[in-house]
Amino acid sequence: MSMAGFGYTRPATLDEALADLAKHGPDAKLIAGGHSLLPLMKMRLASVGHLVDIGRLRELKGIRDWNGGLAIGAATTYREVLGSALVRDRFPLLIEGLDDIGDIQVRNRGTLGGSLAHADPASDMPALALALDAELLLRSSGGERTVKVDGFFHGAFVSDLHPDEVMVEIRIPASPDGAGTSYVELTQPASGYSLVGVAVVLAKSGGTVSHVRVGVTGVADHAYRASAVESTLMGSDGGSAAIAAAAAHAADGQEVNSDIHADREYRTAMATAFTRRSVESAAARAT
Amino acid sequence: MEFSGQTTIKAPRERVFAFLIDPNLVGRCGPGVESIEVIDDRHFKAKAKVGVGFISARFVINMELAEADAPSHAVIKARGQAPGTAVDATGTMDLAPGDEPDTTVMKWGANVIISGMMASVGARMIEGTANKMIAQTFDCIRAKLEE
Amino acid sequence: MTIDMLGERVKRTEDPKFITGKGRYLDDIQMPGMTHIAILRSPYAHANIRSIDTSAAKSMPGVIAVFTGADIPYNPLPMAWPAGGVAGIRNNINTPRTLATDSVKWSGEGVAAVVAETAEQAHDALEAITVDWEPLPTVVDAEKATQPGAVQLHENAPNNIVFEWTVGDKAGTDAAVDAAEVVVRQRIVNQRLIPNPMEVRGDIGWYNPGTDEYTVWMSSQTPHIQRLLLTAFVTGIPEHKVRCISPDVGGAFGTKIFCYADMALVMFASKAIGGRPVKWVEGRRESYQSTIHGRDHITYLEIAGKRDGTITGLRVKTFANLGGRLSTIGPGIPTTLYGRVLSGCYKIPNVYCEVTGVYTNTTFVDAYRGAGRPEATYVIERAMDLFAAEIGMDRAELRRRNFIAPDAFPYDNPSGLGTASGGAKIYIDSGNYEPAMDMALAAVGYADLAATKAEAASRGKLLGLGFSTYIEVCGVAPSKWIGAVGEGWGAAMWESANIRVHLTGKTVVTVGTQPQGQGHETTYAQVISHELGIPMDDIVIQHSDTLGTPFGYGSYGSRTSSVGMTAAIKAATKIREKARKFAAHMLEASVDDIEIDGPNYFVKGSPDKKKTIQEIAFALDLGFDPPEGMEPYLDETAYWDTPNCTWPFGTHVAIVEIDKETGQVDLVRYLAVDDVGKKINPMIVDGQLHGGIAQGVGQALWEGAVYSDDGQLLSGSMLDYAMPRASWFPDIELHETVTPSPVNPLGVKGVGEAGAIASTAAVSNAVMDALAPLGIRHLDMPYTPQTVWHAIQTAEVSR
């Protein structure tokens, strides 16, 4: 397939990028790695008047300490994250969740911020960011704001990111001491996206669960925190019985997706099964 | 794909019916509608940008008021075309007086067939998206009537 | 000294160019003045075309011409292989036109085309074409399409039936089924597959106004056949005015055997615009809708026999979905290549098969790797397992009792290979099935299966082992039989080769077969080097261009080694004989006294008194001193029409583990014993088996084209159509037995399809073995987690 024509600029600075966005208005679209956007443009499913390429902006790259957690530039690639000793040390969950995204080419080009901004309902990164309590630094020519990832996703491919905004940074606070983490997924074999993906961060204190976050992707029209699972687990002993009871709530309150790979009944059952498995694994890793 | 639902509108049935058969009114509630052109009292043409997020296509939609039994029943048929994609939809609306005075219960059903590109590569999101758009359309109708 | 490389694991001489990006595929071809054509395809699966408005498109930037079906005077595409061989059989034929004129029968049928300066401009202009459609109801299921009241696609095909074909003895089989102690019945679906060669299809048409000749580059397995079909059947252009060239072809799996509308379109368009070249290359999604699909059978099988394990009858009724219009040899696949080999490697006295070919609002179906034989193997191998389960007999034991015995060859297969109305018969000429099965079962530890299952159960997994004991028919032949069975194959099935030993000793072999990645340039060179004693490096294999190669039927059906290379050996034999005569002249000896050892021609008993083939070629090609009556040059052509097909066989074993909670199936072990006769290059044979096995496993576990009831292809791209990936496979363990084919001098049988034929049934039987303890008898493929999970849920509820 061949794309329709479009304009293209590659600004040298973030301010220039913001000015470009403002100038081209709603027809403009940001591109970083392009591995979600370009296929859609080739299929002519996304009509883009003007592309603003932020993939090489140094201001959007890099991984640094942030209050004991990490701030990751939005245009940092999967490959850069996977190769980072800091990430490996502080957030092994990101390594576990991202190391099988796409293939090597996708990981070399795809960016964390791109994935979050794209808001694909079956991407892994949104579930990971939810479990990690991440927040996002967004900037427009009018100023900047930070938003929690929890609440950022509104629907399939729809997020809280405004058309004139650039995601600058993903900020991940330090996890509680001794937290165990896990990401398990049931992969759709054709696309590699998750039919169900469950990210968990869990900590115990004095024999009971003192912190738990469960991010679920692939199940509904956007990634969500399984709050009923979390509230059932909090204060429990985090044993198998408690985990199984909590996992039963994995899809509570969600309009569960149905497609040729997983109908509603199967997907709902797998949300529970993979939530149970992921929580079990995180609990076993918690110290 | 078949969708259906029911909504109670705080407006008398005659007013609801009049709204439903007026392209300039009901047309504004269609997803992404940018312009409406009335061809005759039963036919009109709309241009709409329909999609999810930035995945979207511009459709030219020919609509026909296929059945209109005032004040209780109307059927609108629509055929939309976008590059590589076609949408054929039939919307059925049945109106009954509500329990409260000056309210109307609208039962609606929609049959939607999507053909071409969007059907063959968008399968995983089509049903949820269509459902949402249809619900928004009928919410919009209710909201405008209750303004 | 030339080293004889025949039978050696020679690295493929093609590979350096392919793996370093120096191959020259169709889309790599750039020509001065090249234009690009894009095809507007129907979004609807069934619709009438009321009108097409191309006016806006014509004025778009870069647009040179816009065509609709009404502009193109050509005939519809040919039907080269209708179902035949049965008295009075009728084929209700509808084939595509270059562009549809009044209606479309599947989503993706072409209705208009734009020629523009760039591909992007052509695609942009497609968006400006308006078609006034009248959508019609649709049917996508072959069985439903034949029911009363179903939507009718074509006036000449009542109940959407293309043909109703039968083979075998109906009365005898009915009697055998009626009288049997045990009859097992099952409806099974062999789902539709999308072939997915790595390189999609494409063509370039170039009309030369100076000579009134056409050149067509095409990503094709069959350039000679396409020249014949496009000229004599479609366009009416004289055959000698057209040259067809296949550049490097990046995979095909059968999809590139056929005559497609786009080939005629680029020819028409190039002439219409005054002779600029016109290129068309399909996108992957376009390929999913406009290049053929494979399989798609719904089958009712009945297998009958005695409680002691003697199979007495096989009765099969199949609905074969052929799509909205017919592809080039669509009807031949579920008839000749399926019904006639249904009984596999078993001696079943009564076999009867009915096949109904059906039109539906789907992409056309034709030969895909294995073509009919995987479907047949799936039927018989599932049937054997179902029968064994029914009578409580070990699956291997049941097979052992019913194999055609090694002394029963040649074996006349009652399911129809010998039912030709006259002339030549084909028969299963060789085989020895039990040792292959025993070897496979011993290697996989079949005797310890219970313990293996128990170990898996201790890890919470359901383990299953399945196998298939398959036979395959390769190198379909001879031409006399093809003609005699009346099955209409508008072609013979011989092959051709020409060898020229130039005066430098460098050797050019031109062949009528056509590689698509199989490594023919290597394997032909191995064979010719062995035959003539000329180093492989001095031999070039040329193919794929109707201008420079002798007419040949191309490569498919695993025919190249058995038929094509035999033609080359025949040509080499002629070269040797001429060289021997000339050597006798040079050495002043009698021809009968000249012995040949590799490149050396010498007088019997005096090996020092010799001339090499290179010396002979030099002198003979110069022609300064020819013997009386001898023409100069070592240049010989040969044609070979093989007396019979070849009959590979073997046993494939799969072990799977199923996660009961999620329904996920893991292939944990795969082992195959294949008897493909002798091997020219065992490394290439292994590669063919690996690839074929992966494709067959893909059908069992992941692949499947899914249509909505509205005829929309929901698995319309690689986002939803799951191709197998290397990382999902265990190491494939390959073993062999060797029973040389008696019908060619190499003793080879062909191996391009064997893996795909055997593996689907093996994996299917493994999954069913794993699920048997839950009371699950049969599930239709692919065994996706969702399918397996639902089956487990249903089984557990009913227990």
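The numbers here are math on the coordinates, done by the rules we state, and not lab data. Since we're looking at a predicted model, the values are computed, not measured. With ideal geometry, Cβ positions are generated from the backbone for all residues, glycine too; neighbour counts draw on all protein chains shown.
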Worksheet item: If contacts are Cα pairs under 8 angstrom and at least 6 residues apart, what is the relative contact order of chain C in percent?
Response: 15 percent
Worksheet, complete the sentence: With the dipole of the protein assembly as shown defined by +1 on each Lys or Arg Cβ and -1 on each Asp or Glu Cβ, the option from C:His530, B:Val33, C:Ala320 whose Cα lies farthest towards the positive pole is C:His530
Discussion item. Highest mean first, how do B:130-143, C:674-687, C:127-140 rank when packing is the count of other Cβ atoms within 10 Å averaged over residues?
Written reply: C:674-687, C:127-140, B:130-143
Discussion item. Please compute the volume of the convex hull spanned by the alpha-carbon atoms of the stretch B:2-145 and report it per residue in Å³.
Written reply: 94 Å³
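Local charge sum around C:Ala589 (other residues, Cβ-Cβ under 13 Å, Lys/Arg +1, Asp/Glu -1)? The partial results should precede the final answer.
On the way: positive: C:Arg580, C:Lys581, C:Lys604, C:Lys609, C:Lys610, C:Lys611; negative: C:Glu588, C:Asp592, C:Asp593, C:Glu595.
Charge balance in the 13 Å sphere: +2.
What fraction, in whole percent, of alpha-carbon pairs in chain C exceed 37 Å separation?
45 percent
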Item to complete: Between the alpha-carbon centers of the stretch C:423-447 and the stretch C:149-182, tell me the distance in whole angstrom.
Response: 31 Å
Item to complete: About the Cα centre of chain A, how large is the charge dipole given +1 on each Lys and Arg Cβ and -1 on each Asp and Glu Cβ? Please answer in debye to the nearest 20.
Response: 460 debye
Discussion item. Can you compute the charge dipole magnitude of the protein assembly as shown about its Cα centre, using +1 on each Lys and Arg Cβ and -1 on each Asp and Glu Cβ, nothing else charged? Give it in debye, rounded to the nearest 20.
Written reply: 500 debye
Worksheet entry | Helix-only [θ]222 nm of chain C, DSSP H runs n ≥ 4, -39500 (n - 2.57) each, per residue, nearest 500 | -8000 deg cm²/dmol
Worksheet item: What is the dipole size for the stretch A:62-153, taken about its Cα centre, with +1 at each Lys and Arg Cβ and -1 at each Asp and Glu Cβ, in debye to the nearest 20?
Response: 320 debye
Worksheet item: Average partner chain C-beta neighbours within 10 Å, per residue of C:705-716?
Response: 5
Worksheet item: In square nanometres, what is the average projected area of the Cα convex hull of the stretch A:154-194?
Response: 5.3 nm²
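Please tell me the relative contact order of the stretch C:494-640 in percent, rounded to the nearest whole number, where contacts are Cα pairs under 8 Å and at least six residues apart. Each step should come with its number before you reach the end.
Working: 290 pairs, mean separation 49.0, N = 147.
Relative CO of the stretch C:494-640 lands at 33 percent.
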Worksheet item: Which of the cysteines found in the protein assembly as shown have nothing to pair with, since no other Cys Cβ lies under 4.7 Å from theirs?
Response: C:Cys244, C:Cys259, C:Cys345, C:Cys353, C:Cys474, C:Cys645
Response to the item:
What helix-only [θ] at 222 nm does chain A give? Using -39500 (n - 2.57) per DSSP H run of at least 4, over all residues, to the nearest 500, the answer is -9000 deg cm²/dmol
Worksheet item: Taking the Cα atoms only, what angle lies between the long axis of helix B:123-146 and the longest principal axis of chain B, rounded to 10 degrees?
Response: 30 degrees
Response to the item:
Scalar couplings 3J(HN,Hα) for the stretch A:147-164 by Karplus 6.51 cos²θ - 1.76 cosθ + 1.60 (θ = phi - 60°), nearest whole Hz, x for Gly and Pro, are 10, 6, 4, 5, x, 6, 8, 9, x, 4, 6, 10, 9, 7, 6, 7, x, 9
Worksheet item: What is the average number of partner chain Cβ atoms found within 10 Å of a Cβ in B:53-60?
Response: 5
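Could you grab the Rg to Rh ratio for the stretch C:57-129? Cα atoms only, Kirkwood for Rh.
That ratio equals 1.17.
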Fill in: Of C:Phe649, B:Gly116, C:Gly519, farthest towards positive along the dipole that unit charges on Lys, Arg, Asp, Glu beta carbons give the protein assembly as shown
C:Gly519
Response to the item:
Which residues qualify? For A:Ala220, with a placed amide H closer than 5 Å and at least 5 residues away or on another chain, they are A:Asn257
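Given a cut-off of 31 Å, name the pairs among A:Lys42/A:Lys148; C:Lys279/C:Lys678; A:Lys148/C:Lys461; C:Lys105/C:Lys480; C:Lys22/C:Lys256; A:Lys61/B:Lys47 whose C-alpha atoms lie farther apart than that in the structure shown.
The pairs that break the limit, which is 31 Å between Cα atoms, are A:Lys42/A:Lys148; C:Lys279/C:Lys678; A:Lys148/C:Lys461; C:Lys105/C:Lys480; A:Lys61/B:Lys47.
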Item to complete: Compute the signed sum of charges (Lys and Arg +1, Asp and Glu -1) over the other residues within less than 13 Å, Cβ to Cβ, of A:Ala203.
Response: 0
Worksheet item: How much net charge surrounds A:Ala28 when only other residues with a Cβ under 12 Å from its Cβ are counted (Lys, Arg +1; Asp, Glu -1)?
Response: -3
Worksheet item: Within the P(r) computed for the protein assembly as shown, what percentage of the Cα pairs occupies the region above 61 Å?
Response: 17 percent
Worksheet entry | Alpha-carbon Debye profile of the stretch C:1-127, log10 I(q)/I(0) at 0.11, 0.16 Å⁻¹ | -0.65, -0.91
Worksheet item: By average Cβ neighbour count within 10 Å, what is the ranking of C:646-652, C:115-121, B:29-35, C:527-533 from highest down?
Response: C:646-652, C:527-533, C:115-121, B:29-35
Worksheet item: Peptides A:178-187, C:461-470: what's the order by average Cβ count within 10 Å, highest mean first?
Response: C:461-470, A:178-187
Fill in: Per-residue HN-Hα couplings for the stretch C:235-248 [Karplus 6.51, -1.76, 1.60; θ = phi - 60°; Hz; x = Gly/Pro]
9, x, 6, x, 4, 6, 8, 10, 10, 10, 10, 9, x, 4
Worksheet, complete the sentence: Quick note on C:Arg369, A:Arg277, C:Arg307, ordering by fewest other C-beta atoms within 10 Å, gives C:Arg307, A:Arg277, C:Arg369
Worksheet item: Once the dipole of the stretch A:119-267 is set up with Lys and Arg at +1 and Asp and Glu at -1 on Cβ about the Cα centre, which of A:Ala226, A:Ala122, A:His154 lies farthest towards its positive end?
Response: A:Ala226
Worksheet item: Tell me, what is the Rg over Rh of the stretch C:494-640, with Rh the Kirkwood radius over Cα pairs?
Response: 1.00
Worksheet item: Going through the DSSP H helices of chain C, which span 18 Å or more along their own axis at the Cα atoms while scoring at least 1.0 as a mean Kyte-Doolittle hydropathy?
Response: C:754-771
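Shielding of C:741-747 by partners, i.e. mean partner chain Cβ atoms within 10 Å per residue?
0
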Worksheet, complete the sentence: Restricting to Cα pairs under 8 Å and 6 or more apart, the percent relative contact order of the stretch C:1-124 works out to 39 percent
Item to complete: Report, largest value first, the span of the C-alpha coordinates of chain A along each principal axis, in whole Å.
Response: 57, 44, 33
Discussion item. Report the per residue volume, in Å³, of the convex hull enclosing the C-alpha atoms of the stretch C:69-226.
Written reply: 222 Å³
Practice prompt. Rounded to the nearest 500, what is the 222 nm mean residue ellipticity of chain B from helices alone, with -39500 (n - 2.57) per DSSP H run of 4+ residues and division by all residues?
Written response: -8500 deg cm²/dmol
Worksheet entry | ³J(HN,Hα) computed for each position of the stretch A:81-91 - Karplus, 6.51 cos²θ - 1.76 cosθ + 1.60, integer Hz, glycine/proline x | 5, 5, x, 8, 5, 4, 5, 4, 6, 8, 9
